[in-house]
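The values are calculated or read from the model by the stated rules, or taken from the named source; none is laboratory data. Nothing here was measured: the structure is a model prediction, and the numbers come from that model. Note that we place each Cβ from the backbone using ideal geometry, even for glycine, and neighbour counts take in every protein chain shown.
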Amino acid sequence: MIAFLLALALTQEPVKTDAQCMACHKEAAEAWKSSVHAKHDTTCISCHKTDVVDAAGKHAFKAPFVSGTKNLSQNVCGQCHEKETAEFKKGPHWDEDINPKAKWSAKKRQGCLTCHEPHGTLPAVRKQIYDQRCTHCHKENSSQRKLITSYMAAADPFDAELEAVKKLLEHPLPGVPYEKAEMARESAEDLHRTLRMLQHNCEFKELEKKIEPAMTPLKAAATDLQGRFDAATGSRRKYFLGFLGLMVVNLVLLRAWCIKKYSGGKH
Amino acid sequence: MNRLRKWLEDRLGLSMFEEFGQKQLYKPVPSHANYAFTLGTAALVVFMTQVASGILLAMNYSSGLEQAHVSVHQITFVLPAGWLIRSFHAWGSHLMVIILLLHMFRVFWYGGYKKPRELTWLFGCGLLFLMLGFGFTGYLLPMDQVSYWGTVVATESFMGLPVVGDKVGHIIRGGEEVTNATLSRFFIVHVLLLPAAVAGLIAGHLYLVRRLGISPRASVKEEEAQGYENMMRTEGVPFAHHMYREVTTVLFVITLQVALAMLLPFGLGEVATPDATPKGVKPEWYFLPVYQLLKYFPKLVGILIINGALAMFVLLPFLDRNPERRPGKRKFMMAAAAIGLLVTLALGVLGYVADKKIGHYEFDIKGIPHKVEEGAK
């Protein structure tokens, strides 16, 4: 018995490195490599902690190991995503009995990993979550669905407009002031971040109200900047053609004058 | 008008300058002088426009570490026509190096560096190096990420010099790192020391060109036997006859410079941050061959090779003892130059592609391509 326990102790080593995890969990590792988490050096052990694994790769599921959707959602994500977790806790989907809004059965309660795939390549996309998650429980024509779709109808064009302004600002045209657009982008990005955070609590009606006043200046800034770019490019072309014409005339006249005066009309 | 002229003449003796001008105008140049012989004038004109545009920029530039980027941003995006003057100046620096290299190639091709014009060549080499110094110091001034890190990389090369490397690096940077002290000294060197030194060398170079004249096609021995002035009496043409070519080239170069500035204006990158190194930092294109060569050899060996090659280039008039000037009769030198040129070009291209992804290939820092697997992340 003692020998068996000794042998068992020898064959079981706590997993200390991410490479050991990735050796078996190949699919998750592959997805993780290009994820936002990988970019920020959040590795397997950052979330799952360590576990004792035997030679055959069998987990002992011993503390501090963390596994399972629920455990990870409740105990891990909030370590970094503090604000988002706090917002989520305010909303109707948080899995705690003290939450008066959580009226349905425990089985249906949600966590961070319901919508987010931490090993995946991208953070959650609004439309994707709606199609794959929200619609899963909220029936068609339900008040919740109406609220979400109405919010998406306002938020998606806002995001698109913000992307358009960001693209314009990637290569600002020298000679064209872009401060106005830059300011509009900054405040729109602030709002975008706020929305991303606040939408965890699913108060879509409140969120929708914030978009409308921000959309108008953003749109105006984009149109203004694009107009300035177009006008500057057009007038530059015109000025340059004028300059070119002047130089050609200069060249012809000066050259002819030089040849006539100094080269005796020959060259 | 005549009275004013006489009034000035009595006081200033203007006719002396007029006579000097006429004498220069009718000084003979060899009849084979073609458009390639106008590149020196083009370089002089570009230098003058660089001084003018540089003065305008300096009036709005601040060389403090924090103000530099702000002031260049102001010039580029806020001041009326600031962007145009800055782009004109920046393109001028590239054109200057191209014109000087072509000019020196022309001198080499026609054997113009040979006796008795060795000093003219040396002055020319000095001018080329000073112009590269302009590029080196001017590159840092906008203080954006690319210019800052380009300067860090370029100044690091000096630190590889044997024995004195660290000291030299320290002197250039004004400390351990590229900081406010580096920016201040680069700015002062760029706007004070280099222009003064270039003006001096140009004066010397022009004096020698006018004194010794443009080299004839004949060999050194023939020139010595017949005398330059005698040769020019029979085969020379007055400089004035050649002047329309100078005018044509100068107008073409200015038009090209304005076209580049207007249609491809220089932007401004993110403000320099010493904490974040951007990917693929490289010095200006004309330093790429040297930068790339240092990657293939230990620093000391690389520096010895570069200095050896530069010494050969500068001392060319003393190393090449062949009296012939016609390219067809200087086959060895032509072959050696072709090899040197190809190696430099190849190093330049390798330097350009290094640490870059082009199409399906990713080039490592030595410029060796590696095929990128489809779908690989």
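Things worth noting here:
- Remark: B:G21 matches the filter, which requires a residue to be at pLDDT below 90 and small (G, A, S).
- Of all the numbered requirements in (1) surrounded by fewer than 17 Cβ atoms within 10 Å (Cβ to Cβ); (2) within 14 Å of chain B (Cβ to nearest Cβ); (3) assigned to a loop (DSSP other than H, G, I, E, B), A:E140 misses one, and that requirement is (2).
- Just one of the numbered conditions (1) at the interface with chain B (Cβ under 10 Å from one of its Cβ atoms); (2) surrounded by fewer than 16 Cβ atoms within 10 Å (Cβ to Cβ) is not true of A:E212: (1).
- The C-beta contact set for region B:10-27 (first residue away from chain A (no Cβ under 14 Å), second residue assigned to a helix (DSSP H, G or I) and at pLDDT 85 or above, distance under 9 angstrom, 6+ apart or interchain) comprises B:L14/B:R5; B:L14/B:L8; B:S15/B:E9.
- Some residue of region B:268-280 being assigned to a helix (DSSP H, G or I) and charged (D, E, K, R): no
- From the list B:Y244, B:Y207, the lone residue that is more than 14 Å from every other protein chain (Cβ to nearest Cβ), of a type outside the set (S, T, N, Q), without any contact (Cβ under 8 Å) to a residue 24 or more places away in the chain and farther than 26 Å from B:I75 by Cα is B:Y207.
- Meets criteria (among the β-branched types (V, I, T) and over 30 Å from A:L173 (Cβ atoms)) for B:V97: no
- Residue pairs whose Cβ atoms lie under 7 Å apart, separated by 6 or more positions or on different chains, with the first residue in region B:256-268 and free of Cβ contacts under 8 Å to residues at least 12 places away in the same chain and at the interface with chain A (Cβ under 7 Å from one of its Cβ atoms) and the second of a type outside the set (S, T, Y) and surrounded by 15 or more Cβ atoms within 10 Å (Cβ to Cβ), are B:A259/A:F240; B:L263/A:F240.
- The conditions of being outside any loop (DSSP other than H, G, I, E, B), of a type in the set (A, V, I, L, M), modelled with pLDDT under 85 and assigned by TED's automatic domain parsing to the domain that holds A:V76 are met by A:A38.
- Flag for B:V301 being without any contact (Cβ under 8 Å) to a residue 60 or more places away in the chain, more than 11 Å from every other protein chain (Cβ to nearest Cβ) and not acidic (D, E): yes
- So B:F287, is it crowded, with 17+ Cβ neighbours inside 10 Å, more than 11 Å from chain A (Cβ to nearest Cβ) and closer than 25 Å to B:G135 by Cβ: yes
- Residue match in region B:322-329 (condition: under 21 Å from the mean Cα position of the chain (by Cα) and in a helix (DSSP H, G or I)): no
- Scanning region B:288-304 for residues that are within 17 Å of B:G351 (Cα to Cα) and part of a helix (DSSP H, G or I) turns up B:L288, B:P289, B:V290, B:Y291, B:Q292, B:L293, B:L294, B:K295, B:Y296, B:K299, B:G302, B:I303.
- Selection from region B:350-372 of residues that are surrounded by 14 or more Cβ atoms within 10 Å (Cβ to Cβ) and either in a loop (DSSP other than H, G, I, E, B) or in contact (Cβ under 8 Å) with a residue 40 or more places away in the chain (or both): B:L350, B:G351, B:Y352, B:A354, B:D355, B:K356, B:G367
- Within region A:31-57, residues that are on the phi > 0 side of the Ramachandran plot sit with their Cβ atoms under 6 Å from residues that are loosely packed, with under 13 Cβ neighbours inside 10 Å and in a loop (DSSP other than H, G, I, E, B), at 6+ positions apart or across chains, in these pairs: A:K49/A:P64.
- Top-ranked residue of region B:330-343 - restricted to ones that are under 24 Å from the mean Cα position of the chain (by Cα) and surrounded by 16 or more Cβ atoms within 10 Å (Cβ to Cβ), ranked as nearest to B:E222 (Cα to Cα): B:M333
So that you can scan it fast, the table gives a plain yes or no per residue for (1) of a type outside the set (K, R); (2) farther than 30 Å from B:G82 by Cβ; (3) surrounded by 19 or more Cβ atoms within 10 Å (Cβ to Cβ):
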position: B:R217; (1), (2), (3): no, yes, no
position: B:A225; (1), (2), (3): yes, yes, no
position: B:M231; (1), (2), (3): yes, yes, yes
position: B:T234; (1), (2), (3): yes, yes, no
position: B:H242; (1), (2), (3): yes, yes, yes
position: B:F252; (1), (2), (3): yes, no, no
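- Residue check for A:L173: exposed (fewer than 13 other Cβ atoms within 10 Å of the Cβ), among the hydrophobic types (A, V, I, L, M, F, W, C) and within 13 Å of another protein chain (Cβ to nearest Cβ): no
- Flag for B:A218 being more than 22 Å from B:L288 (Cα to Cα), small (G, A, S) and in a helix (DSSP H, G or I): no
- The set of residues in region A:232-247 being over 11 Å from B:A259 (Cα atoms) and facing another protein chain (nearest Cβ under 9 Å) consists of A:M247 alone.
- Check on A:K219, touching a helix residue (DSSP H, G or I) at 6+ places or on another chain (Cβ under 7 Å), buried (at least 16 other Cβ atoms within 10 Å of the Cβ) and more than 9 Å from every other protein chain (Cβ to nearest Cβ): yes
Per-residue answers, yes or no, for (1) more than 30 Å from B:K331 (Cβ to Cβ); (2) under 15 Å from the mean Cα position of the chain (by Cα); (3) not acidic (D, E):
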{"position": "B:V78", "(1), (2), (3)": "yes, no, yes"}
{"position": "B:G92", "(1), (2), (3)": "yes, yes, yes"}
{"position": "B:I98", "(1), (2), (3)": "no, yes, yes"}
{"position": "B:L102", "(1), (2), (3)": "no, yes, yes"}
{"position": "B:T120", "(1), (2), (3)": "no, no, yes"}
{"position": "B:M131", "(1), (2), (3)": "yes, yes, yes"}
{"position": "B:T151", "(1), (2), (3)": "yes, no, yes"}
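- Residue within region A:197-206 that is of a type in the set (D, E, K, R), more than 14 Å from every other protein chain (Cβ to nearest Cβ) and assigned to a helix (DSSP H, G or I) present: yes
- The condition (being surrounded by 19 or more Cβ atoms within 10 Å (Cβ to Cβ), in a helix (DSSP H, G or I) and among the β-branched types (V, I, T)) is satisfied by just one residue among B:V51, B:V72: B:V72.
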